[in-house]
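Working notes for the structure below.
The values are calculated or read from the model by the stated rules, or taken from the named source; none is laboratory data. Predicted model only: the values in this text are computed from it and were never measured. Quick reminder, even Gly has a Cβ in these numbers, built from the backbone with ideal geometry, and neighbours come from all protein chains shown.
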Amino acid sequence: MFTFKELMAAPIEQDENIDPDGYLQYRAQKRRRGVVGGTIGGPVGEAVEQKAVCGCGPDCEHCGGKHPMSDIGEECECCGNEIKAPTNEETVTEVLSTQTRLAKSRQMKRYKTRVAIGRKKALQRTANKAVIDNRSMKQARAKMFKKLSKGKSRDELSPQRRAEIEKRLDKMKPRIQRMAIKLRPHTRELEKQRKRAK
């Protein structure tokens, strides 16, 4: 039986017999950094090609919002925006399609026991500041949703109306954050009461 250390890949040493030109060591270093051949690296042996972005959405008929990396700095033909290198902190603005949403629903049904165990363990721990902040943010967002939907619950609304309200809520983020800060002491008090009740 092998130990964990024996199964670990050994680093490629600079050896004239194995790697005379140092190419293997160079490629190993690139893999460790996550970059292989000018692309963002996936798992070893796979490389995910990175595309430049212009500002068009993915539904653009001309370019689909993606351009080759060689076009950086040039102007997009369809929208006139400057083509830029993608940033790592770029958020995904794409809304899930109904089909994808159903697939995710099936996946979560498969994982329901794992999720339940995780939830049970989380309830045993006292909520830290990040969890309290998250809860107060959810409460603030729910209150604002109720206000925009004129008192109706999410279930009573059509998916289109729900998506429309969610879009409006995204634009109201600073207001919701201010509301969440005011709700924080109340959320903390609720957590204390919950722990006391045990």
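Values as computed for the structure displayed
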| read-out | value |
| --- | --- |
| Hey, residue 126 in contact with a helix residue (DSSP H, G or I) (Cβ under 9 Å, 6 or more places away or on another chain), in a helix (DSSP H, G or I) and among the polar types (S, T, N, Q) or not | no |
| Selected residue (criterion: modelled with the highest pLDDT) from residues of the range 121-131 that are aliphatic (A, V, I, L, M) and exposed (fewer than 14 other Cβ atoms within 10 Å of the Cβ) | 130 |
| Every pair of residues 6+ apart whose Cβ atoms lie under 6 Å, when the first sits in the range 119-137 and is small (Gly, Ala, Ser) while the second is in a helix (DSSP H, G or I) | 127/191; 136/180; 136/183; 136/184; 136/187 |
| Criterion violated by residue 134 - all others in (1) modelled with pLDDT under 90; (2) farther than 30 Å from residue 64 by Cα; (3) polar (S, T, N, Q) satisfied | (1) |
| Residue 64 vs. criteria surrounded by 11 or more Cβ atoms within 10 Å (Cβ to Cβ), in a loop (DSSP other than H, G, I, E, B), among the small types (Gly, Ala, Ser) and at pLDDT below 70 | no |
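Here's the yes/no breakdown for (1) surrounded by 14 or more Cβ atoms within 10 Å (Cβ to Cβ); (2) farther than 30 Å from residue 195 by Cβ:
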residue	(1), (2)
101	no, yes
104	no, yes
109	no, yes
119	no, no
180	yes, no
